[in-house]
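Take a look at the structure below.
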Amino acid sequence: MIVLRRYMNNNLRNFNYLIGCEKTRQAIAVDPLGADEMLALAEAQGYEIKLILNTHEHHDHIDGNPVVQQATGAPVWAHQNAAERIPNVARGLVAGDLVELGTIRLKVLFTPGHTMAHLCLLSENGGPNGEPVLFSGDTLFNACAGNCRNGGDPDTMYDTFVSQFQPLPDETLMHPGHDYMKNNLNFALTREPGNEMIQYWIDQVSAFDADEMPVMTLGQERTYNSFLRLNQPEIREKLQQEFPQLGQADRDVFKALRSLRDQW
Ligand SMILES: [Zn+2]
């Protein structure tokens with residue numbers, strides 16, 4: 001399995017992905033907003049797009065579907081909760097479904113929170129060294145969680161983080177739906193000014209263009225992403241000073257961070 005990532009160079013800073021089987025030269029297009037670019041990429045690399053997968057129903061993830069579908073005949077699959085909101089969905093997926101194409105095996109994770117129809121895709125061992133690979137859409141970003149302002153719910157997103165992401169091993173490679181890493185790291189630093197890993201990664205990526213951003217592991221995310229660090233004393237003490245009424249549960253911390261990020 002090979003992952004080809006393209007940055008869309010748009011205001012929303014989308015990443016599009018082709019997941020290719022090197023044996024059969026078949027590919028899956030994930031959220032192909034840049035339809036022409038993804039078609040050209042598939043052609044240039046010798047892949048035939050056989051399937052379009054949408055992580056969720058937002059327009060910046062589905063608007064390229066018709067052009068890709070017209071050119072390739074590939075069907076559109078998405079979570080069953082999104083089937084009525086995305087035109088032309090041929091198969092409504094649910095948690096645990098296996099998407100198979102050539103040697104590609106992707107497990108469907110149901111990950112509501114950003115929207116109530118969001119899915120992530122997990123390859124158990126599709127990385128270059130056999131690592132798990134996670135396509136996290138707009139649920140888990142580098143150094144942040146997705147927002148819940150357009151059809152989502154922060155309580156549900158917290159549950160998703162605990163049930164779906166917490167069990168994944170540190171070596172899992174992560175492919176999010178947007179490049180917000182620099183901005184998110186700056187937010188993370190406001191929450192945890194004493195965390196040297198945040199400053200380290202700010203320095204590391206400062207000179208990178210969006211299309212050069214590194215692919216991070218979940219283990220690395222766990223060193224700087226506030227939403228994966230709810231028990232860190234510095235995060236909690238700062239929140240407690242700012243919101244003396246705040247509850248002590250992880251859920252309360254998660255929701256407070258999410259609402260701070262909304263206003264940041
Ligand atoms: Zn979205």
Being open to solvent by 20 Å² or more (accessible area, probe 1.4 Å) and among the aliphatic types (A, V, I, L, M) is true for just one of Leu239, Leu189, Leu185. Which residue is that? Leu189
Filtering helices (runs of 4 or more DSSP H) wholly in the range 190-264 for at least 3 residues that are at negative phi and under 21 Å from the mean Cα position of the chain (by Cα) gives 196-205, 218-224, 250-263
Check whether at least one residue in the range 118-136 is open to solvent by 40 Å² or more (accessible area, probe 1.4 Å) and within 16 Å of the ligand (Cβ to nearest atom), and report yes or no. no
Matching residues, the range 67-89, being surrounded by fewer than 24 Cβ atoms within 10 Å (Cβ to Cβ), out of contact with any helix residue (DSSP H, G or I) (no Cβ under 8 Å at 6 or more places or on another chain) and not hydrophobic (A, V, I, L, M, F, W, C): Gln69, Gln70, Gly73, Gln80, Asn81, Glu84, Arg85
Hey, could you check the range 1-58 for residues that are among the basic types (Lys, Arg) and more than 29 Å from Cys148 (Cα to Cα) and say which is surrounded by the fewest Cβ atoms within 10 Å (Cβ to Cβ)? Lys23
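The values are calculated or read from the model by the stated rules, or taken from the named source; none is laboratory data. Model, not experiment: these values are computed from the prediction. Using ideal geometry, Cβ is built from the backbone for each residue, glycine included, and neighbour counts are taken over all protein chains shown. These accessible areas exclude ligands, DNA and RNA; they are computed on the full protein's heavy atoms, side chains included. Shrake-Rupley method; radii C 1.70, N 1.55, O 1.52, S 1.80 Å.
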